[in-house]
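The values are calculated or read from the model by the stated rules, or taken from the named source; none is laboratory data. Predicted model only: the values in this text are computed from it and were never measured. All Cβ positions, glycine included, derive from the backbone under ideal geometry; neighbour counts span all protein chains shown. For accessibility, only protein heavy atoms count, side chains too; no ligands or nucleic acids. Shrake-Rupley method; radii C 1.70, N 1.55, O 1.52, S 1.80 Å.
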Amino acid sequence: MTEELEITFEKLSFCFETRKFADLRILLLDMEPFDIASFMENNLDEKEQIMFFRLLPKELASDVFVEFDSDTQERLIKAFTDKELKAVVDDMFLDDTVDIIEEMPANVVKRILKNSDPENRKQINELLEYPDDSAGSLMTTEYISFAASTTVEAAFDKIKKIGINKETIYTCYVTDRKKKLIGVVTVKDMLLAEKNELIAHIMDTNVITVETLDDRENVALKFTNYGFLALPVIDKEGCLVGIVTVDDAVEVIQEEATEDIQMMAGVIADETPYLKQSIWNIWKSRVPWLLLLMISATFTSMILSNYETSLAAITGGAVLYAFVPMLMGTAGNAGNQTSVTVIRAVALGDVKFKDIFKVILKELLAALLLGLTVSVVCFLKLMFIDNLYNEISVRVALIVSSVMWLSIVMAKLVGCILPLIAKKCKLDPAVVASPFMTTIVDVLSLIIYCSVAIAVL
């Protein structure tokens, strides 16, 4: 929080506590809805939030309401009269209303729908029918469209008439009589054209679209690739049914990135803010992966047990056990470096399964260099540092450092191949990345280490 915002929050608190509501409203008109919501959630108790919200200027109320977390929204809805709820709902964009409804319990949803206009209620119900991870669930039906035969002057008249209730007016769409999307035109295009120019002459017919059932992550990726402010959504017949705006795409990108991070850390994805998660939810999200990793770790103990007799029979074999954690840890870190890089590239669309051999070659060359560097440092460490407190022969040092090199190369290859195979199998690469890769790398590292040690010694 900036120093300027802290001062504003102090002024808001003072005006609210001293009941200087006229001054309070003046301050609020110069603030962003997000900052007002943040002030209310962090500085006011539940009763004060309800009172403060009722003091908000009408033109700000719905925008601030959208910025609250779901718990605050539910609490306010329960405190609203039907008239207050209707005023807030009617002033919200449809996609924001749908987002709120999806987070609310059934009794609250019924009340919201009951206090919505019949036309809005119909559109809300249609949007709620789309799958949660689809473009249809993200879109809003509040857009501006023209016929190709509309003049620029008539187009501006339409924008002035209905634009106040639309999600965006900068990008407009051109449809035929059957509502099929045939072009897109921006306000900039129209401003630079003559008043009597037809929209058909200035529209762009090369329109990038998404379909209602397209995955929302792919929708967000198109915003990243093309820098759109809005993206038209069409049905299977090519008819325009809505638009997705950039603010919704940013939310998707943030949610998907959070989910990937959680999955790579071995935690079941949960969109609930950390401080609002119950101990029970934290337990549920973490215990499955911990149990799975514990069971998978038995493979490493089985391998060590299998080689135990052979290693014990070797002169100096006992000292080899001391380097198992170092080898497994380094190989695991090497694999994680690669898997995270590849998963991110896959998520951004930079890498596809057809590029698997290019990725393997690139990672193999990098692994050879990285493995050589680490193994040389490892050999020097064993001879000049570890040898001070534990007698280590040159042969043992060579075995450990050479296996270190092989393990890093192996881990890098596993780390780049697994996410791509997972994507090809329509699995989430982030799920495969950490838990399964760690187990595979640990097992292979131990097999290489024990096999090389027995063969050489």
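Brief remarks follow.
- Surface calculation, 1.4 Å probe, protein heavy atoms: residue 119 sits at approximately 110 Å² accessible.
- Per-pair calculated FRET efficiency, R0 = 25 Å: residue 427 and residue 290 via Cβ, rounded to 0.05: 0.75
- Out-of-range pairs (alpha-carbon distance over 25 Å; input 58/179; 122/188; 188/222; 83/276; 166/195; 381/412): 58/179; 122/188; 83/276
- Here, the range 1-117 yields an orientationally averaged convex hull projection of 7.1 nm² when only Cα atoms define the hull.
- When you restrict to C-alpha pairs under 8 Å that are six or more residues apart and normalise by the size of the range 38-142, the relative contact order lands at 24 percent.
- Length available on full extension from residue 71 to residue 114: 0.36 nm per residue minus the Cα-Cα distance, which gives 13.4 nm.
- Rough spin-label spacing in nm, given labels placed 7 Å along Cα→Cβ, for residue 153 and residue 10: 5.7 nm
- Net lengthening on full extension, residue 48/residue 30 (0.36 nm per residue, minus Cα-Cα): 4.4 nm
- Here the label points at residue 58 and residue 350, each 7 Å from Cα along the C-beta direction, are separated by 5.1 nm in the simple model.
- For the chain, the relative contact order comes to 11 percent (Cα pairs under 8 Å, sequence separation of at least 6).
- Length gained when the stretch residue 395-residue 276 is fully extended (0.36 nm per residue, less Cα-Cα span): 37.3 nm
- Heavy-atom accessible surface of the range 1-154: percent carbon and sulfur, 1.4 Å: 49 percent
- A 1.4 Å probe run over the chain, with the rest of the protein chains in place, finds 55 Å² accessible per residue.
- The charge dipole of the chain, taken about its Cα centre with unit charges on the Cβ atoms of Lys, Arg (+1), Asp and Glu (-1) only, comes to about 1440 debye.
- FRET efficiency for the residue 357 to residue 211 pair, using the beta carbon distance and R₀ = 22 Å, is estimated at 0.10.
- Over 29 Å [Cα-Cα, the chain], rounded percent: 64 percent
- A protection proxy built from the mean count of other Cβ atoms within 10 Å ranks the segments 245-252, 12-19, 407-414, most packed first, as 407-414, 245-252, 12-19.
- Value at 222 nm in deg cm²/dmol, rounded to 500, when DSSP H runs of n ≥ 4 in the chain each add -39,500 (n - 2.57): -20500 deg cm²/dmol
- Measuring between their Cα centroids, the range 353-400 and the range 145-159 lie 68 Å from each other.
- Against the chain, whose longest principal axis is taken from its Cα atoms, helix 356-384 shows a tilt of about 50°.
- Size descriptors for the range 347-404, from the alpha-carbon set: Rg then Dmax equal 17.3, 51 Å.
- Degrees, to the nearest 10: 3-17 long Cα axis against longest axis of the chain: 50 degrees
- For the chain, the longest principal axis of the C-alpha atoms and the axis of helix 437-456 are separated by about 10°.
- Length-normalised contact order of the range 159-205 in % [C-alpha pairs under 8 Å, at least 6 apart]: 30 percent
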